[in-house]
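Taking it in order: structure first as structure tokens, then the write-up.
The values are calculated or read from the model by the stated rules, or taken from the named source; none is laboratory data. Here the structure is a predicted model, which is why all the values come from computation and not from measurement. We place every Cβ from the backbone using ideal geometry, glycine too, and count neighbours over all the protein chains shown.
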Amino acid sequence: MEVTALGELLIDLTQNDISRQGNPMFEANPGGVFEANPGGAPCNVLAMLTKLGHETAFIGKVGDDFFGRQLKETIEKVGIDSSNLFMDEKVHTTLALISNTPDGDRDFSFYRDPGADMMLSEDEIPKNAIADSMVFHFGTLSMTHEGVRKATKKALKIAKEANVLITFDPNLRIPLWDDLKTAREQVLYGLKFSDILKISDNEIIWLTGKEDYSEGVEWIRERFDIPLILVSMGKEGSRAYYKDMMVEREAFLQDNTVDTTGAGDTFFGCIIHYILEHGLNGLTEQMLLEMLTFANAAASIITTKRGALYVMPSKEEINELISKKR
């Protein structure tokens with residue numbers, strides 16, 4: 001496999017008026033409807049990579065229930081290897097309820113106490129599957145609780161010892177942590193292993209205490225040797241920090257945005273795609289700009305669709321949007 005990811009695979013119950021995907025629909029009180037979209041940041045990243053022609057595999061756990069079977073079927077349908085997706089007979093699949101706030105942001109509520117993704121154990125980590133990959137990708141939702149945290153740390157050590165490129169997106173979801181001290185400790189632990197970091201604007205401020213993103217990146221670099229750091233800034237676009245260079249690219253804003261869930265994952269999937277094609281060494285300013293342009297365009301397209309995992313944009317769609325904006 002080119003890219004193996006570990007982490008959460010769950011159902012995003014996304015507030016929606018009507019499903020265009022044929023997904024199960026759930027009445028919400030008072031009024032409205034929620035659409036059951038397959039989700040989970042690591043698998044969203046893999047779905048984007050698979051769409052771009054890469055071989056991908058997922059390590060994780062879902063419940064042996066209706067939603068878990070839907071998720072397994074979905075990732076297989078989009079081409080993600082599910083050999084190491086485990087089904088828990090006792091614990092149900094994790095659910096995330098997502099609603100849009102008046103300012104366009106998202107509000108998350110999780111049904112995960114416990115959820116099946118938390119039940120992945122150390123002895124279920126497949127050493128060869130990780131060691132034989134070109135890239136290992138992870139986030140911190142698999143580090144919120146002791147059991148799955150040990151599993152994640154074992155996977156990281158395997159990847160590091162095998163010289164696998166490690167990509168990290170903290171994807172901080174505060175309601176899932178017992179306290180922010182633990183969250184910070186685990187993010188810092190993940191940074192020790194990272195070759196490529198994607199961090200959002202609010203996350204870098206939270207982690208470093210720096211309002212200026214460049215100062216925040218410098219804070220990280222003083223403590224960790226991470227060759228490439230991406231800062232995603234929502235409507236403001238994105239930045240890439242590489243060696244002594246900082247490149248910024250504006251966002252491709254859409255008039256028909258309906259759901260921003262998965263935009264960051266789509267972005268990061270495209271970044272990993274570019275590195276798989278060009279390598280991590282010798283990147284130029286022009287290459288970084290090209291990389292960000294492609295990733296921003298893909299992230300923009302996914303905001304016009306409900307869900308993310310199985311509606312990722314094609315390379316042709318992405319390039320078409322780029323050509324229109326020039």
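Just one of K315, K243, K235 is of a type in the set (D, E, K, R), loosely packed, with under 14 Cβ neighbours inside 10 Å and at negative phi; which is it?
Answer to the selection: K235.
Looking only at residues in segment 310-326 that are in a loop (DSSP other than H, G, I, E, B) and under 21 Å from L230 (Cβ atoms), which one is nearest to the chain's Cα centre (by Cα)?
Among residues in segment 310-326 that are in a loop (DSSP other than H, G, I, E, B) and under 21 Å from L230 (Cβ atoms), the one nearest to the chain's Cα centre (by Cα) is M312.
Quick one: G115 ticks every box in (1) surrounded by fewer than 21 Cβ atoms within 10 Å (Cβ to Cβ); (2) in contact (Cβ under 8 Å) with a residue 40 or more places away in the chain except a single one, so which number is it?
(1)
Pick from segment 86-101 the residues that are at pLDDT below 95 and farther than 16 Å from P42 by Cα: which of them is farthest from the chain's Cα centre (by Cα)?
Residue satisfying both the conditions and the ranking: T101.
Of all residues in segment 126-141, count the ones that are surrounded by fewer than 21 Cβ atoms within 10 Å (Cβ to Cβ) and in a loop (DSSP other than H, G, I, E, B).
Adding up the residues that qualify gives 3.
Answer yes or no: is there a residue in segment 291-305 that is part of a loop (DSSP other than H, G, I, E, B) and not polar (S, T, N, Q).
yes
What do you reckon, is K235 in a helix (DSSP H, G or I) and within 19 Å of F294 (Cα to Cα)?
Spelling it out, K235 is indeed in a helix (DSSP H, G or I) and within 19 Å of F294 (Cα to Cα).
Name every residue in segment 174-191 that is in a loop (DSSP other than H, G, I, E, B) and touching a helix residue (DSSP H, G or I) at 6+ places or on another chain (Cβ under 7 Å), in order of residue number.
W177
Looking at G53, G68, G63, which one is modelled with pLDDT of 95 or more and in contact with a His (Cβ under 7 Å, 6 or more places away or on another chain)?
Only one candidate passes the filter, namely G63.
Consider K157 carefully, then state whether it is outside any strand (DSSP E or B), of a type in the set (K, R), touching a Ser or Thr at 6+ places or on another chain (Cβ under 6 Å) and at pLDDT 95 or above.
Against the criterion (outside any strand (DSSP E or B), of a type in the set (K, R), touching a Ser or Thr at 6+ places or on another chain (Cβ under 6 Å) and at pLDDT 95 or above), K157 does not qualify.
So, in segment 159-187, exactly how many residues are surrounded by 14 or more Cβ atoms within 10 Å (Cβ to Cβ) and either farther than 20 Å from M118 by Cα or among the basic types (K, R) (or both)?
Adding up the residues that qualify gives 9.
How many residues does segment 61-84 hold that are polar (S, T, N, Q) and assigned to a strand (DSSP E or B)?
Looking only at that region, the number is 3.
In the list S109, S121, S83, which residue meets the criterion of being at pLDDT below 95, surrounded by fewer than 16 Cβ atoms within 10 Å (Cβ to Cβ) and over 27 Å from A295 (Cβ atoms)?
Answer to the selection: S109.
Can you tell me which condition E236 does not meet? The list is (1) farther than 20 Å from L49 by Cβ; (2) touching a strand residue (DSSP E or B) at 6+ places or on another chain (Cβ under 8 Å), and all the others hold.
Result: E236 fails condition (2) only.
Hey, among D265, D244, D225, D259, which residue is more than 19 Å from P170 (Cα to Cα), out of contact with any Gly (no Cβ under 8 Å at 6 or more places or on another chain) and of a type in the set (D, E, K, R)?
That would be D244, the only listed residue that is more than 19 Å from P170 (Cα to Cα), out of contact with any Gly (no Cβ under 8 Å at 6 or more places or on another chain) and of a type in the set (D, E, K, R).
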